[in-house]
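We did not get these values from a lab; they are worked out from the coordinates using the rules stated. Just so it is clear, the model here is predicted, and its values are computed rather than measured. So basically every Cβ, Gly included, is an ideal-geometry build from the backbone, and we count neighbours across all protein chains shown.
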Amino acid sequence: MRIYCEKDYQAMSRRAANIIAAEIIRKPDCVLGLATGSTPVGTYKELIAMYQQGDVSFKEVHSVNLDEYKGLAPTHDQSYRYFMQDNLFNHVDIDPANTNVPNGLAEDAEAECAAYDRLVESFGYADLQLLGIGNNGHIGFNEPDSSFTKATHVVDLTESTISANARFFESANEVPRQALTMGIGCIMAARRILLVANGAGKADALYNTVCGPITPECPATILQLHKDVVIVADEAALSKVIAAGVAVCR
Ligand code: F6R
């Protein structure tokens, strides 16, 4: 596990974007696993700037997103499909047909999950999987649980996640109670994983991810078993990891 400690959000975003751009340059037809949420917004802005400068092209890239709220249409401004269009896809040369987000409106959500697993498998899994992390240690929407769920599945969101995400909605009541999420199996099958985190609110989750026992009660701890994980975070998010004496790159 390589950990980059960056001085602030902008530096974190630039570092993460450089790692993603390097992957695209290395393999122009790579499969990118993508995340939503507030953390990667700056990373996507940096990637858009690189694209505009002619430094990187998404023409041959395929993307697979981690998750989607159950019941939200792609046109809903809080759906993750909408987020991806707004924060990345509409601003770069990716072929819309090559972008994939679980369908939150699927009538048969279980069948949608199974089809999503088959799709990601047919791509040979992600070359690079971008992850954020929840305050409770969730990755994708794999919430703290008594066991790790390998397959893409429908999940009941925890109160902690609902209240953390309420900031994007009019009120907590509007936050969907369920989501479709890629399971731990697909995430761990990615060739490389890039986890981004900023702010003191992520300090405990990052500490557990790096130093804690591997447990489904903090799903991100499974990343300790992956052979190629890069964490890019700011000082505040890494404060407890650094205090524990773990070496970081600066
Ligand atoms: C989003 C996702 C979530 C977020 C996490 C952190 O696709 O899978 O795991 O990465 O909830 O969200 P932010 O970045 O808003 O703190």
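Couple of notes before you dig in:
- Taking Cα centre as origin and charging only the Cβ of basic (Lys, Arg, +1) and acidic (Asp, Glu, -1) residues, the dipole magnitude of region 56-162 rounds to 200 debye.
- With contacts taken as Cα pairs under 8 Å at a separation of at least 6 residues, the chain carries a relative contact order of 26 percent.
- About its Cα centre, the chain has a charge dipole of approximately 940 debye under the convention of +1 per Lys or Arg Cβ and -1 per Asp or Glu Cβ, with nothing else charged.
- The largest-to-smallest principal axis extents of the Cα set in region 130-250 are 41, 29, 23 Å.
- Above-threshold pairs, the threshold being 28 Å between Cα atoms, out of 27/202; 70/240; 27/227; 7/45; 7/70; 150/202: 27/202; 70/240; 7/70
- Counting beta carbons within 10 Å around each of 177, 26, 15 and listing the fewest first gives the order 26, 177, 15.
- Where only alpha carbons of region 121-185 are counted, the Rg and the Dmax (Å): 13.0, 39
- Put in line by how crowded their Cβ is, counting other Cβ atoms within 10 Å and starting with the fewest, 1, 182, 84, 188 read 1, 188, 84, 182.
- Pairwise alpha-carbon distances in the chain exceed 33 Å for 11% of all pairs.
- Separation between Cα centres of region 63-126 and region 221-250, rounded to whole Å: 29 Å
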